[in-house]
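Have a look at the structure below before the remarks.
FYI, it's all coordinate maths here, none of it is from the lab. Keep in mind it's a predicted model, so treat the numbers as computed, not measured. Ideal geometry is used to build each Cβ from the backbone, glycine not excepted, and the neighbour counts take in all protein chains shown.
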Amino acid sequence: MTSEPKSSRLSGGPVGFPFAPPLPLFLLNPILKRIVHRIAAQNPDMFDRLGPHRHAYFLIDPVDMPLMLYLRPDPEALDFRAVNRRALPPHVARISGKFLDLLTLMDTEQDGDALFFSRDLIVTGDTEAVVCLRNALDDVDEPIAESVADMFGAPGRGALNFLRRAAENAQKRKGAST
Amino acid sequence: MAAELTLGPNLFHWPAEQKIDFYNRIADESPVSTVYLGEVICSKRTPFFDDKHLDQVAERLERAGKKVVYCSFSEVVIKRERNILMEWSKQEGRDLEVNNTAALLHLKGRPHRIGALLNVYNEETMAYLAGQGATHFSLLPELPRSAVEGLGAKGAELGVGVEVQVFGRASLALSARCYHARAHDRTKDNCQFVCGEDPDGMVLKTMDDKPFLTVNGIQTLSYGYLDMMADLEDMKSIGVTHFRVMPHTCDMIAVTRIFDEVLAGRMGVDEGEAKLRELGIDAPFVNGFYRGRAGHDWVPRATEMA
Amino acid sequence: MNAPVKPELICPAGTPAALRSAVDAGADAVYCGYQNATNARNFVGLNFTPEEMEKSIRYAHDGGTKVLITLNTFPPSGNVQLWKDMVDLSARLGADACIVADIAVAAYIQKHHPDMRIHLSVQAAASSPEAIEYYVREFGVKRVVLPRIMTVSEIRGLVEEIPCEVETFIFGNHGLMVEGRCSLTNYVTGQSTNMDGACSPAACVKYERAEDGSMSTILGDYMIDRFGPEETAGYPTICKGRYKCDARDGGYYAFEEPISLNASTMLPELINAGVHAFKIEGRQRSRAYVKKVVAAFREAVDSIMAGEEPKLADLVALTEGQKQTEGALKTKKWR
């Protein structure tokens with residue numbers, strides 16, 4: 001179990017998320033539940049890849065958003081929900097980064113490897129569990145980002161394309177500045 | 001077969017005079033039965049000692065009753081190295097210890113030894129090589145006891161020698177690049193033999209100043225020194241026949257005498273370990289590999305084997 | 001000199017999805033391994049179950065792509081049977097070759113599966129014509145994967161001398177230690193690269209941030225690197241870390257910088273040198289990486305063979321440290 005990371009680099013700075021969403025959690029959580037059950041139903045093999053880490057709780061921390069996501073990729077006890085930043089539940093690992101960087105990591109159409117071990121994403125806790133989760137997500141047939149977007153029809157796909165462009169531009173800006 | 005103490009090849013680039021003095025003292029004062037000679041790490045070093053003094057030193061050691069074995073290079077890439085290795089493989093009159101597969105091409109059907117830098121991890125590989133003429137196997141330092149046991153048993157069945165390093169820095173990695181030259185912003189071709197400045201290897205420390213590894217040209221070794229004194233009896237019981245001490249700048253006469261006493265049962269392990277620690281060796285002792293743990297670990301004697 | 005042949009493009013797959021991406025992007029062959037110690041990339045969450053391998057081989061063969069199975073570690077005494085089982089399984093599933101490093105494994109294939117092609121893994125560290133000839137003579141090796149330490153002119157000389165095909169790395173992680181001759185990970189973690197297929201295993205990795213914004217990457221008990229607040233951090237691979245020594249002020253990359261091999265500009269020379277197969281590294285990399293790199297090199301090789309100028313997409317962004325090198329291929333000054 002890990003403590004709150006402190007990083008001057010990740011907190012502050014311009015917020016990259018275009019929707020400015022302090023969504024009420026009671027509205028958001030049923031949607032997240034739908035998403036994760038759908039992904040799990042489509043990709044049953046994914047859980048094998050997680051081995052013992054399927055029982056682990058992961059905290060996904062978009063530092064530029066007001067909430068965090070809490071994931072337990074266990075087919076027998078799936079859990080995916082938004083949690084309040086002020087009351088963090090126990091977890092084995094935490095992945096912190098800007099929302100767009102986290103999206104890039106989840107989106108198997110994009111190469112998130114360079115990002116993964118860069119400073120833009122910070123992994124605390126059980127590194128092996130996170131690497132395992134990353135490899136499992138990379139093996140799903142339908143890219144997760146697209147599955148999610150498809151659930152919301154044309155507006156969903158539009159939003160994904162918008163976000164992908166934003167993420168690509170952000171990567172390019174980073175590349176240009178180094 | 002009675003347990004024998006051997007002196008492994010000197011991996012470091014010492015001045016020729018220092019090497020000659022060193023081996024003269026070994027000839028006169030050390031109880032080792034076998035001495036391994038010859039440059040293993042870098043072909044550029046051979047003009048200093050090997051080309052000029054090796055045979056004389058070998059004869060001197062033999063006159064003192066030691067068996068002498070010549071070792072091959074470990075890395076063989078450029079034409080010069082290939083030619084030297086081919087000539088080396090064809091020589092007669094001495095036991096040869098192979099550290100690069102290329103030499104096996106020439107040695108099929110002729111007796112030879114397999115060095116501790118060749119990958120023999122299992123009894124079937126051992127049997128295959130023995131079938132082609134290998135008579136003696138120096139095992140890799142990273143082998144856990146379970147693997148040494150299997151190789152020891154096979155060795156006994158095949159009637160070949162099985163040798164394990166019991167003292168000195170453990171070889172961990174080889175490269176085509178010279179890390180000594182790199183540390184001094186030089187290339188391998190223009191190294192100016194800067195490795196000669198570090199007769200026990202150049203210590204690498206982590207960014208938080210913890211000593212970690214040592215560099216010897218293209219070779220990376222452990223920072224810690226292997227000390228397997230507490231395991232000699234156990235090793236004997238699972239088929240290890242030869243016990244290898246590696247040359248360092250510490251008092252090697254003392255080191256070989258202590259190991260010889262303990263190996264022969266004339267000195268207890270506790271006393272031997274205490275005496276070894278009085279020699280002023282400026283690095284920790286390690287034994288983790290054999291115990292199935294991280295190589296840098298020191299596992300006290302009472303601890304159960306992994 | 002041999003007339004240039006069209007080299008096969010050999011592509012990595014850490015997961016079935018990556019394998020399908022490689023096949024779809026035009027790989028001539030894909031290399032992959034099982035989820036156990038027989039495989040030198042025995043990393044968590046990667047590699048294939050027997051069922052996945054069966055399906056994947058079918059998919060690849062339907063797409064005209066070969067599957068080469070990596071059995072490229074060294075079985076320790078007492079555990080050789082696992083490697084034999086994986087050989088038998090690969091033969092049963094119709095794999096096109098096994099990539100092996102250990103003599104016992106090679107001898108087993110030769111004896112029990114004489115029709116199975118043996119490729120000599122880079123882990124066997126055969127870097128001279130004599131070493132390669134030994135494996136060809138003893139085990140009928142059909143192809144050797146060359147260590148990443150040779151210049152193009154050395155490769156050319158070697159192709160002319162040896163009686164088997166030659167495969168060279170053209171892109172990806174640029175390991176510096178002679179593969180198959182490195183036990184650094186075992187020294188630090190107790191898991192062996194040669195016996196367990198481990199290299200800086202994630203279970204032993206920690207990232208630690210300090211008050212001043214610096215970040216340390218830790219493997220086991222050792223700090224492998226420390227990064228300033230504005231530096232891009234890397235995974236703590238021992239041979240890519242920064243250390244201190246008496247000869248220098250401050251930390252330096254004692255072995256190699258975190259840099260990737262990119263031989264795209266040297267493809268024509270390598271083809272002229274008679275190389276039979278180009279290998280792309282990266283079984284631990286994402287499916288997106290596989291797709292982009294394979295597609296780019298597919299186009300490049302096809303263009304060169306058609307006598308056209310290759311239009312290589314910029315592959316720098318896919319390299320790990322965002323820096324690239326032609327490595328040893330260009331000059332032996334690298335040593």
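Seen through its C-alpha gyration tensor, with square-root eigenvalues sorted a ≥ b ≥ c, the protein assembly as shown comes out prolate because a/c lies at 1.5 or above while a/b is bigger than b/c. In debye, nearest 20, what is the charge dipole magnitude of the protein assembly as shown about its Cα centre with +1 on Lys and Arg Cβ and -1 on Asp and Glu Cβ, if you could check? So the magnitude is around 1300 debye.
Can you find, among C:Ala233, C:Ala202, C:Gly213, the residue sitting farthest towards the positive end of the charge dipole of the range C:193-253, where Lys and Arg contribute +1 and Asp and Glu -1 at Cβ? Among C:Ala233, C:Ala202, C:Gly213, the one farthest towards the positive end of the dipole of the range C:193-253 is C:Ala202.
Among C:Leu146, C:Ser286, C:Val301, whose Cα projects farthest towards the positive end of the dipole of chain C, with charges put on the beta-carbon of Lys, Arg (+1) and Asp, Glu (-1)? Value: C:Ser286.
In sequence order, the range B:179-190 has phi-based couplings of 7, 5, 4, 4, 4, 9, 6, 10, 9, 4, 5, 10 Hz under the Karplus curve 6.51 cos²θ - 1.76 cosθ + 1.60, θ = phi - 60°, and Gly or Pro positions carry x. Backbone amide hydrogens, once placed in the peptide plane, bring C:Ala101 within less than 5 Å of C:Thr73, C:Ser121, excluding anything fewer than 5 places away on its chain. Computed about its Cα centre, the charge dipole of the range C:193-253 is approximately 160 debye, with only Lys, Arg, Asp and Glu carrying charge at their Cβ.
Panel order for C:Thr331, C:Thr217, by other beta carbons found within 10 Å of each beta carbon, from fewest to most: C:Thr331, C:Thr217. Lysine pair count for the range C:1-156 with Cα-Cα distance under 23 Å and sequence separation of 8 or more or different chains is 10. Remark: C:Trp83, B:Trp14 ranked as B:Trp14, C:Trp83, counting other beta-carbon atoms within 10 Å and listing the fewest first.
Computed over chain C, the per-residue total of -39500 (n - 2.57) for DSSP H runs of n ≥ 4 gives a 222 nm mean residue ellipticity of -9000 deg cm²/dmol, rounded to 500. The distance linking the range C:136-162 with the range B:56-99 is 25 Å (Cα centroid to Cα centroid, whole angstrom).
Build a GNM of chain B with springs between Cα atoms under 10 Å apart, and of B:Ala64, B:Ala181, B:Ala274 the one that fluctuates most is B:Ala274. Among beta bridges identified by DSSP and lying wholly in chain C, the antiparallel ones come to about 35 percent. Couplings 3J(HN,Hα) for the range A:35-47, derived from phi with the Karplus relation 6.51 cos²θ - 1.76 cosθ + 1.60 (θ = phi - 60°), are 4, 6, 5, 5, 4, 5, 5, 6, 10, x, 5, 3, 6 Hz, where x marks Gly and Pro. Which residue, chosen from C:Leu267, C:Ala17, C:Ile170, occupies the Cα position most advanced towards the positive end of the dipole of chain C, where the dipole is computed from +1 (Lys, Arg) and -1 (Asp, Glu) charges on Cβ about the Cα centre? So the residue furthest toward the plus end is C:Ala17.
Its relative contact order, with pairs defined as Cα atoms under 8 Å and 6+ residues apart, puts chain C at 21 percent.
Within chain C, which is the longest segment that contains none of the GluC sites (Glu not before Pro) sitting in a DSSP loop with at most 16 other Cβ atoms within 10 Å? Value returned for the longest uninterrupted segment is C:1-210. Dipole magnitude for the range A:25-177: computed about the Cα centre from +1 point charges on Lys and Arg Cβ and -1 point charges on Asp and Glu Cβ, it is near 760 debye. For the range A:25-177, averaging the sequence separation of C-alpha pairs within contact (under 8 Å, six or more residues apart) and dividing by the residue count gives a relative contact order of 21 percent.
Among beta bridges identified by DSSP and lying wholly in the protein assembly as shown, the antiparallel ones come to about 45 percent. Amide H to amide H distances under 5 Å link C:Arg117 with C:Cys98, where only residues 5 or more positions off or on other chains count and H is placed in the peptide plane. Across chain B, C-alpha contacts under 8 Å between residues 6 or more apart give a mean separation that, scaled by the residue count, equals a relative contact order of 19 percent. Arranged from fewest to most other beta-carbon atoms within 10 Å of their beta carbon, B:Ser33, B:Ser89, C:Ser127 become B:Ser33, B:Ser89, C:Ser127. Distant-in-sequence amide contacts of B:Leu226, defined by a placed amide H-H separation under 5 Å and a gap of 5 or more residues or a different chain, comprise B:Gly168, B:Arg169, B:Ala170, B:Val286.
Legend: mean number of C-beta atoms from other chains within 10 angstrom of residue C-beta atoms, peptide C:124-137, equals 6. Taking chain C as a Gaussian network of alpha-carbon nodes connected by springs under 10 Å, the highest mean-square fluctuation of the residues C:Val100, C:Val188, C:Val30 belongs to C:Val188.
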